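Let me begin by presenting the structure, written as structure tokens, before commenting on it.
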Amino acid sequence: MILIALGANLSSHFGTPRQAIFKSLECLKTRGIEVLSCSPIFSTAPVPISDQPWYQNAVALIKTDLEPHELLKLLHEVEHEFGRVRTVKNAARVLDLDLLDYHAQVIEDNSLTLPHPRMHHRAFVLLPLYKIAPNWVHPVLHTGVRDMLRALPQSDLSATSIRLSHKPELMGILNVTPDSFSDGGRHIDAQAAIAAARKMIENGAGIIDIGGESTRPGATPISAEEECARIVPVVEGLQDCGAWLSIDTYHPQTMQRAIAKGVQIINDITGMEDAESRAIVADSDVDIVLMHMQNTPQTMQNAPHYDDVVREVYEFFEQRIALCAASNIDPDRLILDVGIGFGKTTDHNLKLLHNLGRFKNLGVRMMLGASRKRLIADVMGRECRVHDRLGGSLAFAAHAAREKIDILRVHDIPETCQFLELYHAIEEHSHSNSH
């Protein structure tokens, strides 16, 4: 695994600092470097020289045949091409590229120290690193990135020191099933699924959600054994892929197998209803998506009824958060999904979408999964093929961005990524011009 850090806080002929990070990755590609994945960009308060703009920081996972010193030389050449002039230490800069780790090699000489000597003290390195290599272990300290983050002073992780843009993290949907509503059968072969996941990561997905059982309305349940046979080879093939791995399952046995294989998220449509599931995830570090669903996939769309859908779903989450806390699952690990299309009518779905902001009051992260849903055709009032629902899916993306939803679960990664980048750029420009 080869990891580099990218930072900038001055505009250049390549554009804003954020644009400079993207442009520098493109520049590396033209020089033969394969960029496997890049973290979200974090905004970081400048220290110790505070009288300068906030930094934009990211970490990228790359692949190259260059040796460490050759790679460092190339990074310096790219910095120079962007107009970097090395002056005072910690001064503002148009681009800063650092080599963090090179296949866990330990090097210390006059020109290079690996791993980077100060990285374990820097939130602006550890947070983006955690996004793309959550299982990375420091080759000298023998400490994982999660534990290094926990060791940082809380002030280093506060919003006054570092923050992630409000652009939702993209979770790419990867169904290794023969009967899912949108892409059933396309990725049933493990190698095809692995290739599709890597393409989604290349196009901007920070999370891959792997599902081995269809949960569309009326779907037939399968055993945990069959589910594991579908998903485990895909998980194994995506180790160190530069994205988090999520498993879409309600089977405790599948959760246990997936956690043992190193996944970072369990996405449970039953909202951790099963006590065995809660015990398994409590004994791990994984994050958990709690989704709301009325009844089961087989019966959920048989005349769903609520007296007040927003209040009832809100109360469901209050109860599940408390249940998880009683099972030693910290709220910081939880992600809420209101379950669009899972036991809801068109009216129920629209009311939940309109009131998404209310659920943020529960104090935990939120995910929206509405991509290509039947709701789009229902609102249009006419039949609309699943693959012709991109426009409606992007409307959901815009709403998620406006409501500051943390994760957006989607099928169309390139289009959604492009949409959100432009949406975010317009919002940033509007914000900067209002001050």
Notebook entry, point to check: What's the extension gain from Y306 to R146 if we count 0.36 nm per residue and subtract their Cα-Cα distance?
Noted result: 53.5 nm
Checklist line | Nitroxide proxy distance, nm - points 7 Å out along Cα→Cβ at E383 and K63 | finding: 4.3 nm
Check: Over the chain, what is the percentage of antiparallel beta bridges among all DSSP beta bridges, to the nearest 5?
Finding: 45 percent
Next item on the list: Work out how much length T160 to I107 would gain on full extension: take 0.36 nm times their residue separation and subtract the Cα-Cα distance, in nm to one decimal.
Entry: 15.6 nm
Next item on the list: Report relative contact order for the chain in percent, whole number only (criteria: Cα-Cα under 8 Å, sequence separation at least 6).
Entry: 12 percent
Check: For the chain, modelled as a GNM with alpha-carbon contacts under 10 angstrom, which of L141, L149, L157 fluctuates the most?
Finding: L141
Margin query: Per DSSP helix of 4 or more residues, -39500 (n - 2.57); summed, then divided by the residues of the chain. What does that give at 222 nm, rounded to the nearest 500?
Written below: -11500 deg cm²/dmol
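Taking R0 as 45 Å, what FRET efficiency do you get between A279 and V47 from their Cβ-Cβ distance, rounded to the nearest 0.05?
Efficiency, from the Cβ-Cβ distance: 0.60.
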Check: What's the FRET efficiency of R186 with A395 using the Cβ-Cβ distance as r and R₀ = 25 Å, to the nearest 0.05?
Finding: 0.55
Next item on the list: With springs connecting C-alpha atoms under 10 Å apart, model the chain as a Gaussian network and identify which of F14, F396, F342 has the largest mean-square fluctuation.
Entry: F14
Check: By how many degrees, 0 to 90 and rounded to 10, does the Cα axis of helix 17-30 deviate from the longest principal axis of the chain?
Finding: 80 degrees
Checklist line | Length added when fully stretched, A425-A325, from 0.36 nm per residue minus Cα-Cα | finding: 32.2 nm
Next item on the list: Please go through the residue pairs K351/K404; K167/K360; K63/K131; K261/K404; K199/K404 and name each one whose alpha carbons sit more than 23 Å apart in this structure.
Entry: K261/K404; K199/K404
Next item on the list: Identify which of D248, D285, D109 has the largest mean-square fluctuation in a Gaussian network model of the chain, with springs joining Cα atoms closer than 10 Å.
Entry: D109
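Classify region 169-431 from the C-alpha gyration tensor, please: rounded if a/c falls under 1.5, else prolate or oblate depending on whether a/b exceeds b/c.
Here region 169-431 falls in the rounded category.
Just so you know, all these numbers are worked out from the coordinates, no wet-lab data involved. Note that the structure is a prediction, hence the values are computed from the model and not measured. All Cβ positions, even for glycine, are placed from backbone atoms using ideal geometry, and neighbour counts span all protein chains on display.
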